[in-house]
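Heads up, the thing below is written out as structure tokens.
What follows is calculated from the coordinates using simple rules that are stated; it is not laboratory data. On a predicted model such as this, the values are computed, not experimentally measured, just so you know. Every residue, glycine among them, receives a Cβ derived from its backbone with ideal geometry; neighbour counts consider all protein chains shown.
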């Protein structure tokens, strides 16, 4: 019982630490076996939800709703792939965290990266994208619990900040894996190179989509969650 309680309390931290280990292996192996590590990261992203619902299994409605959100995120990412930095998937991932909580927001984000890259192209960047989008959904869910997600201004700032954070996580992978020699100057330049247009376009598109669509979509998602009893204990 004590061990189960400990796992429940630190489930997200344990999953993130395991994913960090796999990301380290990708860097050390120079991108080799990236698909294996992608699926290992996917398994890690599922662990928090598994531990949370160990004694209260996830309903079929919940699984279907998460699958629909992942499909929607993929559908919004692929058509916009030709526009530098614009990621419609981030909007859906943020909404998933706000509607379903941190664990399922984490799953939606990480799975979106893996599935959408089946169309966009898999590579050693995939696990890093899984972590970045997973953290985006996770933090959105945490702010939902803190009731901050009801403020449109806060969510616009949150989405904008995550546009840059997502890019910085990807820049970290690039710098550690491919920049040689890695000095303070080259490390900073690796981050600065993508600041504009990629990171800035991502932040701007996130803010635009949240400002325009967040309130009606949030109401729709919460109505669906309540009507179909998708996640009755989402505030736990």
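Things worth noting here:
- Degrees separating the helix 184-193 axis from the principal Cα axis of the chain, which is the longest one: 60 degrees
- Only DSSP H runs of four or more residues enter the estimate; each adds -39500 (n - 2.57), and after division by the residues of the chain the mean residue ellipticity at 222 nm equals -26000 deg cm²/dmol.
- Sequence-separation-based contact order of the chain, relative, with Cα cut under 8 Å and 6+ spacing, percent: 22 percent
- In this label model, residue 83 and residue 17 are separated by 4.1 nm, measuring between points 7 Å along each Cα→Cβ vector.
- Overall form of the range 123-166 per C-alpha gyration tensor (a/c, 1.5; a/b vs b/c): oblate
- Over 31 Å [Cα-Cα, the chain], rounded percent: 20 percent
- Label separation (residue 25 vs residue 122): 1.5 nm, computed from points 7 Å beyond Cα along the C-beta direction.
- Estimated inter-spin distance, residue 146 and residue 182, nm [label 7 Å along Cα→Cβ]: 3.0 nm
- Degrees between helix 102-120 axis and first principal axis of the chain (Cα, 0 to 90, nearest 10): 50 degrees
- Packing rank of 132-140, 201-209, 219-227, 85-93, where each peptide gets the mean count of other beta carbons within 10 Å, highest leading: 132-140, 85-93, 201-209, 219-227
- Computed extension gain for residue 229 through residue 196, at 0.36 nm per residue and net of the alpha carbon distance, reaches 7.6 nm.
- Degrees, to the nearest 10: 152-178 long Cα axis against longest axis of the chain: 40 degrees
- If the chain linking residue 157 and residue 36 were pulled fully straight, counting 0.36 nm for each residue of separation and taking away their Cα-Cα distance, it would gain 40.1 nm.
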